[in-house]
Each structure stands twice: as C-alpha cells, then as structure tokens.
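Asks: Take a look at this one; I'll ask things after.
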Amino acid sequence: MARLVAAFGSSHSIMLVSQREDWQHGFRVIDTKNAHYYDQHGEKTDYDTLLAQAPAGSEAMVTPEKMGERHDAAEAAMDQLGERIRAARLDVLLIVGDDQTELFRTSNNPAFAIFYGPTIRNTAREPAAASDSWVKSARMWRHEPETDREYPVKSDLAEWLIRQLCDRDFDITAMDGLERGQSEGHAFQFIHRRLLKELALPVIPVILNTFDPPNQPTPRRCVALGAALRELIAAWPQDLRVGVIASGGLSHFVVDEALDQKVLQAIREKDSATLAALDPKLLQAGSSEIRNWLVVGEMARELDLEWVEYVPGYRSPALTGTGLAFAAWKTLT
C-alpha cells in the first residue's frame, strides 16, 4: 500500500532566485511600484501609506547588512530542505502550488487542477540581452539553462486521484499535457530547479487558484482537499513512498509575522479547525499562497512537524517583502 511518509513546505518567492546584491539594493526600488499591497487587516493599500505607518526603526531592519544576513539564512535553509527531500527516498512527490496566469488565464481559471500527463515541461530561458533587468534574470533562472526539459510525472496515480476526487464531489480540472510553448508554472519550476535539482523524482502537480478572484478556494475547502488526498493515497494499492510539498507563501507582499506564525503553529499542533477558519480576506495577493500550506498541513497531520526555518524577508523601510518559510515533517522509515 502507498504511504505518505514525508511532507515539506517551501516559499518560492523571487527573492529566492535573486542574488545577494538584489536583496541588498534592488527590491527597495521595485517595491515602491508594486500594485498588490494589502495591509495586515486585508485592506487594499499602497507603498506610501505603508511607509507612513511603519514603526520607528524600520530603516534599520533593511540595511544591506541585515538583507545580506537574511539572504544567507534563506540559502542555507533551501540547501537543508533539498537534502531532507533526497534523504526521504521517495517514489513520488506531490507538489501543491498555485498558477498565476501561466497555464491558465482569467478567461478560464479553475479552482483546482491536477496534471496527469507522462511528463511536464519546463522551457528554456529566453536569450539574455544586455538591457535585461535583474528582475528578468531572476525570473529566467527558474527556466532551464539551455533546452526544454521534460520532468517525469507519476501519471497513473495522478489520473486515479482525479477520478477519486471527482467521486468525492471535488471539481478537478484534468490536464494531460501542455500547449505548444507552455511551461510548468513558477511554483513547480522552483521545486524542480532549486530543491530537486538533478533528482529524477516523479511528481504530481496539484494546482490551486490562490491568487485570482473570484473563485479562489476557501481555507475550509483547502483543508478538505488535504484530508481527501491523505485518505486516497493510503488507498492506492501500489507500494509507494509518497511525499508532498507546499510551494509558495507565506505572507507577502506585506510581511505579516503574526499571521505566518499562527499558520505554522496551527500546522504544528494539527489544528485543522484553526486552519479552516482563517479569514480569506487575509489571504490576498501573495499571501494567498498560504492556501497551499493548508492542503499540505492537513495531508500531513499524521506526521509530526520536525523542522521550520522562518526568515522575515523585509526588503524596504515600508516593511514590504515575504515571510519566507521552509519546513519538513518527520519522515517515516
């Protein structure tokens, strides 16, 4: 019988594919232009308002020295997480991530989708130009260095999960391939390129619409999906070591340490009720990716959260940035 033996979580912010000097100098400039700010009450706001409301001493939190320290801490955490994934000796890894108008558009945007083709493609980088910004270079890092690459998918299990979830009244969009020129989205590119690297581990992409209204799943529905996936994996007859990883989050583009710690503590305590009752108003813009952690937290409730590294990724005196989190549950032997 299949067993869910390991679970993980990782932010996938552009911060994590940027250079140290970009942390120290670049984000401070681009954050003034971000149009997707919500405050810690879930109300729309802007950079100038955030800056005016920032506490005294906020400038000292984003000095080049502090930013460099956070960059180094995040890099060390990602290295350790990659090692933990490899040590789990998995046969398949479910990746729970979001799509931000990459495979889907707002003209046709499902709440839940599962990819079940034999492989999923990551495309090669666009040729670099002298005029390219560091932001584009960071985004292009998620793509393959030279040529397209097809990553293996555990397609038989993925197809079966789709059917079984539909039988349980989940409306799942089924994907058996990509259109010409399409690439897996950033949430999945990051796991392949930064954490798995050359590990040829079959995956199952589970895609949530966390970001684009009006049909984001509620926290309650995300927890329900996690519970269903946990039960279904245990019912798969093939002997498999199954893992799952949440890709994305935590709070951004305004760092909300209180929200992030509330989510991590509820996951640690296996408090499904608190996770299901999170106010969707707090899960907007980048913070919407917390939904991916809700699915995985519920899937992994029979495991114990063993390791968490949290880096409050402040990157401007307005305290914009990302709550960077990396986590691993205790792996079963």
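Asks: State whether the residues of the range 159-182 include one that is part of a helix (DSSP H, G or I), under 26 Å from GLU231 (Cα atoms), among the small types (Gly, Ala, Ser) and under 21 Å from the mean Cα position of the chain (by Cα).
Replies: Among the residues of the range 159-182, not one is part of a helix (DSSP H, G or I), under 26 Å from GLU231 (Cα atoms), among the small types (Gly, Ala, Ser) and under 21 Å from the mean Cα position of the chain (by Cα), which makes the answer no.
Asks: Restricting the search to the range 242-276, which residues are closer than 18 Å to VAL206 by Cα and more than 18 Å from the chain's Cα centre (by Cα)?
Replies: Listed by number, the list holds a single entry, VAL242.
Asks: Tell me, which helices (runs of 4 or more DSSP H) lie completely within the range 188-300 with 1 or more residues that are basic (Lys, Arg) and either touching a Pro at 6+ places or on another chain (Cβ under 8 Å) or farther than 18 Å from GLY313 by Cα (or both)?
Replies: 219-235, 257-268, 290-299
Here, each number is a calculation from the coordinates, and none is a lab measurement. Just so it is clear, the structure is predicted and the values come from calculations on it, not from any experiment. Don't worry about glycine lacking a Cβ; one is built from the backbone with ideal geometry, like all the others, and counts go over all protein chains shown.
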